[in-house]
């Protein structure tokens, strides 16, 4: 059972008050280490850290972590659906459509 948080999101001049469960994705990835070689990482947690944008485009900052230690961050963008789910849920739904998250599971 996830914790619930309340968040205020500013999108242009539109402020949304959202209450939602904390979500994350879990997957195995191959990432380049400090020596430039690929390393397989298992049970990597991917969590949306920040959502911003406007009525049309949403920019999503995502944190990757293993054993509660952040390993890197990435930024993604996608079209915003003002009539759809809350912006954070939309971010997770979008991530799950990308090839690199094809094997991701909700957690």
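Every read-out reported here was derived from the displayed coordinates using simple, explicitly stated rules and does not represent laboratory data. Predicted model, so just to flag it, every value in this text is computed and none were measured. Counting neighbours? That spans all protein chains shown, and the Cβs are built from the backbone with ideal geometry, glycine included.
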Give the residue that is nearest to the chain's Cα centre (by Cα), with candidates limited to residues of region 55-83 that are surrounded by fewer than 14 Cβ atoms within 10 Å (Cβ to Cβ) and under 18 Å from residue 106 (Cα atoms).
68
Could you grab me the full set of residues in region 61-107 that are in a helix (DSSP H, G or I) and in contact with a helix residue (DSSP H, G or I) (Cβ under 6 Å, 6 or more places away or on another chain)?
95, 101
